[in-house]
Amino acid sequence: MAAMTPPSAPPPQVLSSPAPLAQAQEAQAQAQEAQAQAQEAQAQAQEAREAQAQEAREAQAQEAREAREARRPSLAQRPGRLTAVCVVHAIIENPGETPDVTAIDKRPRPGRLAVGSGGFALDTQVDRRHHGGHEQALYVYADEDAAWWAGQLGRQVPAGLFGENLRTSGVDVSRAEIGERWRIQPPDADGAGPVLVEVTSPRTPCMTFQKRMDQPHWIKRFTLAGLPGAYLRVLTPGTLGAGDVVEVVERPGHGVTVADMLTGRIEAYLALLEAHDTGVVTLGPKVAGQVRRRTSRAHPSSA
């Protein structure tokens, strides 16, 4: 009987090495990391360009303010006058904001209008939290500053366009000191008693204002211009009309102006807080709270 030949063993399996796959994955990861680094570098470069552009805009705005200051006449020694008194023309829709309507559409009115601690009797304040109440009974803007804006915008800036209640001529509104007091009365003393008002704070631009002006970056542009106009508290009620004389009768002397407060410089807020705490000026609850919050964030020990 012939011997049986044992079956031959199967050839050994050749396993593929994992090295090429790992190398490919590593190369892909490196490529992704390089791409991420390139994107980050590009983003940093863009941020640097934007920062430089912002610095240039701020420097330009500062130069413009200094140029205006150099040309600005001294108005402290002579009275000014009201050129318009404005109240709400219509309540208009304000989608996307709270509240969703606004009374920013102010228009001049003829004759004399009654004014009290809440503002003009014929006016409306929809957003009393931010643009109303006794500390913001009236908003006043200067003809001189409106004329500057007219040149910048290439259009007229009529009384009421900024939502102001009063337009003045010959009054340095945006350089008025916080707590400064004005006496406003008819030039011929026709029986109408004087109205006494006090400067309380600057106008802070908001989205409603930006929508009304239909200008890109209006909030930032208005802020950088340093011409905010002022809110007034009514200390002695009465009536007001175009042509009334505006006279500065008291200035606290702490040196913090409406424009200083708008810039948010901590030095201005600290000086205003000191003036309030020492009795040089008495800030209303709304403004005093704002000043204390601002100074406490920068210097917790001052809270």
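The values are calculated or read from the model by the stated rules, or taken from the named source; none is laboratory data. These numbers were taken from a predicted model, which means no experiment stands behind them. Methodologically, a virtual Cβ is constructed for each residue, glycine included, from the backbone with ideal geometry; neighbour enumeration extends over all protein chains shown. Just the protein is used for accessible areas: all its heavy atoms, side chains included, with ligands, DNA and RNA removed. Shrake-Rupley method; radii C 1.70, N 1.55, O 1.52, S 1.80 Å.
Need pairs with beta-carbon distance below 6 Å; first residue under 18 Å from residue 162 (Cα atoms) and at pLDDT 80 or above and within region 93-104, second charged (D, E, K, R) and open to solvent by less than 80 Å² (accessible area, probe 1.4 Å); sequence gap 6+ or separate chains.
Correct list of pairs: 104/212.
Give me the residue from region 224-249 that is surrounded by fewer than 19 Cβ atoms within 10 Å (Cβ to Cβ) and β-branched (Val, Ile, Thr) and, out of that set, nearest to residue 261 (Cα to Cα).
Per the stated criteria, the residue is 249.
Taking strands (runs of 3 or more DSSP E) that fall entirely within region 170-273, which contain at least 2 residues that are in contact with an Asp or Glu (Cβ under 9 Å, 6 or more places away or on another chain) and touching a residue at least 12 places away in the same chain (Cβ under 8 Å)? Steps first, please.
On the way: elements: 181-185, 195-202, 230-236, 238-240, 245-250.
In region 170-273, the matching strands (runs of 3 or more DSSP E) lie at 181-185, 195-202, 230-236, 245-250.
Please count how many residues of region 171-220 are farther than 22 Å from residue 237 by Cα and open to solvent by 20 Å² or more (accessible area, probe 1.4 Å).
Result for region 171-220: 15.
Which of the residues that make up region 154-164 are within 18 Å of the chain's Cα centre (by Cα) and either closer than 14 Å to residue 227 by Cα or of a type outside the set (Gly, Ala, Ser) (or both)?
Across region 154-164, the qualifying residues are 161, 162, 164.
Select from region 113-141 the residues that are within 21 Å of residue 171 (Cα to Cα) and either within 20 Å of the chain's Cα centre (by Cα) or at pLDDT below 95 (or both) and list them in ascending order. Explain how you work it out, then say what you get.
From region 113-141, those within 21 Å of residue 171 (Cα to Cα) are 113, 115, 119-120, 135-141; that's our starting set.
Across region 113-141, the qualifying residues are 119, 120, 135, 136, 137, 138, 139, 140, 141.
Sort through 152, 156 and tell me the only one that's touching a helix residue (DSSP H, G or I) at 6+ places or on another chain (Cβ under 7 Å) and open to solvent by 20 Å² or more (accessible area, probe 1.4 Å).
On the way: 152 fails: touching a helix residue (DSSP H, G or I) at 6+ places or on another chain (Cβ under 7 Å).
On inspection, the qualifying residue turns out to be 156.
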